[in-house]
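Report on the structure given below.
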There are 2 protein chains.
Amino acid sequence: MSQAGLDLPEATVARLPEYLRALHHLADTGHDTVSSEGLANAAGVNSAKLRKDLSHLGSYGTRGVGYDIGPLIGQIEYVLGLTMRRAVALVGVGNLGHALAGYAGFTSRGFRIAALFDADTTRVGEKINGLAVLHVSDIPVVVKRESISIAVLATPASAAQTVADQLISAGVTSILNFAPCVLSVPDRVDVRKVDLAIELQILSFHEHRKSAHVNGLNGEVRK
Amino acid sequence: MSQAGLDLPEATVARLPEYLRALHHLADTGHDTVSSEGLANAAGVNSAKLRKDLSHLGSYGTRGVGYDIGPLIGQIEYVLGLTMRRAVALVGVGNLGHALAGYAGFTSRGFRIAALFDADTTRVGEKINGLAVLHVSDIPVVVKRESISIAVLATPASAAQTVADQLISAGVTSILNFAPCVLSVPDRVDVRKVDLAIELQILSFHEHRKSAHVNGLNGEVRK
DNA sequence: TAGATTGTTAATCGATTAACAATC
DNA sequence: TAGATTGTTAATCGATTAACAATC
């Protein structure tokens with residue numbers, strides 16, 4: 001009863017890639033099976049949560065023994081749609097985009113950077129990892145030709161919405177947005193956002209709380 | 001009754017930086033007040049959630065009018081601990097780390113990269129944005145001297161745990177981890193993880209589901 | 001069989017949301 | 001005052017967790 005159209009809780013979907021990474025690591029280090037406790041530790045969650053998550057995929061464990069690593073990798077990759085290598089477009093090869101274009105993790109974990117775009121004509125033609133940077137005006141033609149459905153957006157915030165609109169009308173239905181702004185997109189398009197400063201600000205909140213604690217304050221009153 | 005030791009729901013903490021970004025944008029474009037509906041749109045959430053979140057900070061709105069942007073920015077920055085510019089250490093100036101070292105968003109949004117480290121002696125001494133790369137063996141001395149409590153980890157996964165241990169014993173209590181691995185740290189240390197391949201894999205899951213839908217399948221059965 | 005471990009249940013917890021009284 | 005909008009309530013929803021029966 002394992003299905004692709006499977007409706008999984010979003011929280012589970014977000015953890016499956018971490019399980020997958022941990023399972024690959026276990027496989028690489030010579031393991032064949034792993035207990036929920038073992039895999040949970042490797043993935044940084046508790047074992048009840050792990051078992052609950054995996055139970056949504058169907059039954060890949062054996063009571064008293066654990067999970068068969070090989071088949072479980074196959075099932076998670078299948079559910080995540082990683083049985084094909086997905087083509088990704090990257091827009092914006094500035095500081096961050098340039099680094100993302102060279103990021104080995106994309107290649108090793110199911111993706112292929114199929115096109116690079118930038119609005120700056122002086123960067124067009126430049127090769128990164130053997131792939132030439134194209135002008136953003138080529139987005140419609142190239143995205144269609146390469147059947148690209150996923151894009152990584154690494155432009156300045158001021159350009160992000162316009163580029164997103166162009167990507168979407170060319171056929172992109174998933175966007176990973178590194179620009180610090182909110183994108184407005186049709187319902188059928190999925191957006192995930194990574195904002196590096198926001199991550200640090202969340203940590204800053206906890207630093208602030210920790211220092212209040214050290215001062216023995218239960219609620220350092222402002223002013 | 002605004003307090004620093006304030007216990008906020010984690011979900012609220014994670015959204016405050018987004019509100020802050022939207023508020024700065026509104027302030028920059030000449031606005032003085034904004035309604036919950038207006039700010040919610042700018043931040044990509046619904047207005048009920050926004051009002052609930054802000055209610056935890058105390059009362060900064062006026063019924064019938066909206067929120068005063070200036071004071072609200074001040075309050076959110078205060079709660080997030082951004083009234084001081086926090087010193088950050090960055091370890092690993094490879095592909096991604098080099099880009100992060102030059103990321104303007106860190107500087108403009110409350111942080112100061114105070115030290116760069118790498119294990120590769122051939123990179124030690126190299127200057128990035130005017131700051132020299134130091135060897136990881138300098139972590140204990142420099143982290144203490146500069147009172148650094150936040151670190152960004154952009155090393156290979158194989159080195160991440162060892163470097164994290166060194167950072168923590170030098171006094172770091174918050175880590176932003178870009179290495180694709182789980183860190184084990186004491187309870188007092190906060191870790192946030194950014195895994196670029198995982199973000200794409202989550203999008204891939206939704207792509208897979210969308211294509212199953214197009215095929216009219218309610219549950220494309222496997223095999 | 002005895003020991004180990006999964007898969008599932010049910011209780012609990014936290015987050016979201018609509019609705020509206022309070023109030024500017 | 002009338003209109004607008006906040007702050008709060010209460011219902012709902014989804015996620016987490018401990019515990020344990022099922023079963024290898």
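The values are calculated or read from the model by the stated rules, or taken from the named source; none is laboratory data. Predicted model only: the values in this text are computed from it and were never measured. Cβ: placed from backbone, ideal geometry, glycine included. Neighbour counts: every protein chain shown.
The residue of region B:149-186 that is farthest from the chain's Cα centre (by Cα), among those that are surrounded by 18 or more Cβ atoms within 10 Å (Cβ to Cβ) and among the hydroxyl-bearing types (Ser, Thr, Tyr), is B:Thr155.
Cβ-Cβ contacts under 6 Å between residues 6 or more apart (or on different chains), taken from a first residue in region B:43-69 that is within 16 Å of B:Thr12 (Cα to Cα) to a second residue that is more than 8 Å from DNA strand D (Cβ to nearest atom) and modelled with pLDDT under 95, are listed as B:Gly58/B:Met1; B:Gly58/B:Ser2.
Yes/no matrix, rows are residues, columns are (1) out of contact with any strand residue (DSSP E or B) (no Cβ under 7 Å at 6 or more places or on another chain); (2) within 13 Å of another protein chain (Cβ to nearest Cβ):
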residue	(1), (2)
B:Ser35	no, no
B:Ala40	yes, yes
B:Ser55	yes, no
B:Ser59	yes, no
B:Asp68	no, no
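Of the helices (runs of 4 or more DSSP H) entirely within region A:1-111, those holding at least 2 residues that are within 12 Å of DNA strand D (Cβ to nearest atom) and loosely packed, with under 15 Cβ neighbours inside 10 Å occupy A:10-28, A:47-55. Given the structure, is B:Gly61 more than 30 Å from B:Thr162 (Cβ to Cβ), modelled with pLDDT under 95 and within 16 Å of DNA strand C (Cβ to nearest atom)? Yes; evaluated as a whole, the condition is true for this residue. If you check B:Arg51, B:Arg15, B:Arg21 for being within 16 Å of DNA strand C (Cβ to nearest atom), outside the structural domain of B:Ala154 (by TED's automatic domain parsing) and within 22 Å of A:Ala179 (Cβ to Cβ), only one passes: B:Arg15. Any chance region B:20-33 includes a residue that's of a type outside the set (S, T, N, Q) and over 20 Å from B:Arg109 (Cβ atoms)? Yes: one or more hits.
How many residues, within region A:148-196, are in a strand (DSSP E or B) and either at pLDDT below 95 or of a type in the set (A, V, I, L, M, F, W, C) (or both)? Summing the residues that are in a strand (DSSP E or B) and either at pLDDT below 95 or of a type in the set (A, V, I, L, M, F, W, C) (or both) in region A:148-196 gives 7.
Would you check if A:Val88 is touching a residue at least 12 places away in the same chain (Cβ under 8 Å) and within 16 Å of DNA strand C (Cβ to nearest atom)? The answer is no for A:Val88.
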